[in-house]
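Everything below concerns the one structure shown next.
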Amino acid sequence: MHELGIVFNIIDTVEDVAKEQHLSEVATVTVQIGEVSTVIPHYLEDCWNWAVKKTELLQQCKLICEPIEAITFCEGCEQTYRTVDFGKICPYCGSEHTYLLVGNEVQIKEIEAV
Amino acid sequence: MDKVKVIEIKQSVFAANDKQADELRSELKEKGIFLLNLMSSPGAGKTTTLRATIAALKDEFKIGVMEADIDSDVDAKRIAETGAKAIQLHTGGMCHLDAGMTRQGLEGLGTGDVELAILENVGNLVCPAEFDTGASKNAMILSVPEGEDKPLKYPLMFSVCDVVLINKIDVLPYFDFNLEKCVEYIRMRNPAATVIPICAKTGEGIDVWADWLRGEVNAWRNK
């Protein structure tokens, strides 16, 4: 369950921002989650709903998960393809020399606050 | 009612932990304490390897070990038998340690007289790789029965490690484990990693591993 550790990290970061900006309540937190980040949005939401009850400013705060499509680049033929569909082997030329361009991110995009 | 405002953050969820880890690393550097983060799947032989490591290096360094598990204290007891200072950390269900928990662990261990601190992370090839603990170096153990394909299946773990120990090489004749292929897969994910085949039970290769660790600890403490 690394989702729980990730939730604690999100809460820490958001609480720091809330203190800095003197916010009285945070209504939503939007996170962007890459398709191959190994984070499962559904688990993250479950952990979130449990963990925010233990906070002061985030009691009613909703977590919004936005997916980021994973794209891989092939060094062999210099084309890109959807990582989730084809994995590490390029579907165009069969090369194994590929790397992920985007899709392993887990980042906090923005918060809505009062 | 007050107006709701949108505040852009655009920060990795790991950023807060990464910052704490960097702070811990520089504090340890100042105090001359080398922290090794040892990771592997459950049953790869972390504790047995540590016992062999302590036996090889206990006359040169004062060693302290933190055993992290979800429950029980069997590992800390096995380490304490070697004469090294050891404490058991319970993660309360979490599958990894982060920088904050590692700091608490070091406080619990008491680092006043420790030169080489070792964190035996929770047995898991996924989550511990994502959270920087503040360690000076990361090591992981892959054991022969797990199979040579693990660097392909758990690429992040292999890419964050400075050294990979391939343990239980005494059973190589009984498994379809191709050592050369395994090293090739590790190189695909991490060209810079040192790979050392060992058998913690028989002691084979432990001298090579102890040499590597000795070199790293001395370099860290002298710099």
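The values are calculated or read from the model by the stated rules, or taken from the named source; none is laboratory data. Just so it is clear, the structure is predicted and the values come from calculations on it, not from any experiment. All Cβ positions, glycine included, derive from the backbone under ideal geometry; neighbour counts span all protein chains shown. Surface areas here come from the heavy atoms of the whole protein model, side chains and all, with no ligands, DNA or RNA. Shrake-Rupley method; radii C 1.70, N 1.55, O 1.52, S 1.80 Å.
Residues of segment B:11-42 that bury at least 50 Å² of accessible area when the other protein chains are present, relative to the chain alone (probe 1.4 Å, heavy atoms, ligands and nucleic acids excluded): B:11, B:13. One compactness figure for segment B:58-100 is 1.27, namely its Cα radius of gyration divided by 2.2 N^0.38 Å. In this view, the solvent-accessible surface of residue B:53, computed with a 1.4 Å probe and all protein chains in place, comes to about 0 Å².
For segment A:31-87, report the translational diffusion coefficient in µm²/s to the nearest whole number, using Stokes-Einstein at 25 °C, 0.890 mPa s, and a Kirkwood Rh over Cα pairs. All intermediate terms of the calculation are to be shown ahead of the outcome.
Working: Rh = 13.6 Å.
In µm²/s, the coefficient rounds to 181.
Under the convention that each Lys and Arg Cβ holds +1 and each Asp and Glu Cβ holds -1, the size of the dipole of segment B:53-115 around its Cα centre is about 60 debye. Within 10 Å of the Cβ of each residue in A:103-112, the mean number of Cβ atoms contributed by other protein chains is 4.
Positive end of the dipole of segment B:143-202, charges at C-beta (+1 Lys, Arg; -1 Asp, Glu), about the Cα centre: which of B:196, B:157, B:171 has its Cα farthest in that direction? About the Cα centre, the residue reaching furthest to the positive side is B:157.
The string of couplings for segment B:182-197 from the Karplus curve (6.51, -1.76, 1.60, θ = phi - 60°) is 4, 4, 4, 5, 5, 4, 4, 8, 7, x, 8, 5, 7, 10, 10, x Hz, one whole number per residue in order, with x for Gly and Pro.
Provide the buried accessible surface between chains A and B in square angstrom, both chains summed, 1.4 Å probe, rounded to the nearest 100.
Details: alone 7020 and 11120 Å², together 15890 Å².
Between A and B, the summed buried area is about 2200 Å².
Summarising the amide proton neighbourhood of residue B:194: residues at separation of 5 or more, or on other chains, whose placed amide H is nearer than 5 Å comprise B:163, B:164.
Whenever you get a sec, line up B:174, A:43, A:81 from highest to lowest accessible area (probe 1.4 Å, protein heavy atoms). All intermediate terms of the calculation are to be shown ahead of the outcome.
Working: B:174 180, A:43 105, A:81 10 Å².
My answer, sorted largest first, is B:174, A:43, A:81.
Surface calculation, 1.4 Å probe, protein heavy atoms: residue B:31 sits at approximately 130 Å² accessible. For the protein assembly as shown, the solvent-accessible area works out to 47 Å² per residue, with a probe of 1.4 Å and every protein chain left in place. Helical content of chain B, expressed as a calculated mean residue ellipticity at 222 nm, amounts to -11500 deg cm²/dmol (DSSP H runs of 4 or more residues, -39,500 (n - 2.57) each, divided by residue number, nearest 500).
Taking H placed 1.01 Å from N in the peptide plane, check which residues at least 5 places from residue B:143 or on another chain put their amide H under 5 Å from its amide H. Under 5 Å from the amide H of residue B:143: B:167.
Between the residues A:13, A:108, A:79, the greatest Cα displacement towards the positive end of the dipole of the protein assembly as shown, with unit charges on the Cβ of Lys, Arg, Asp and Glu, is found for A:13. The Cα center of segment B:102-137 and the Cα center of segment A:1-52 differ in position by 24 Å. Per-residue 3J(HN,Hα) values for segment A:56-67, derived from phi via the Karplus relation 6.51 cos²θ - 1.76 cosθ + 1.60 with θ = phi - 60°, read 8, 8, 10, 3, 9, 6, 9, 9, 10, 9, 10, x Hz in sequence order (x marks Gly and Pro).
Sorting A:86, A:8 by accessible area puts them as A:86, A:8; the probe is 1.4 Å, largest comes first, and only protein heavy atoms count.
Which entries in A:88/B:150; B:29/B:181; A:54/B:19; A:53/B:5; B:153/B:181; B:46/B:181 show an alpha-carbon gap greater than 26 Å? Mind showing how you got there, number by number?
Working: A:88/B:150 15 Å; B:29/B:181 37 Å; A:54/B:19 24 Å; A:53/B:5 23 Å; B:153/B:181 14 Å; B:46/B:181 23 Å.
Violating the 26 Å Cα-Cα cut-off are B:29/B:181.
Going by accessible surface with a 1.4 Å probe and the largest first, B:221, B:214 read B:221, B:214. Computed from phi, the 3J(HN,Hα) profile of segment B:17-23 under the Karplus parametrisation 6.51, -1.76, 1.60 (θ = phi - 60°) reads 5, 4, 5, 4, 5, 5, 5 Hz, with x in place of Gly and Pro.
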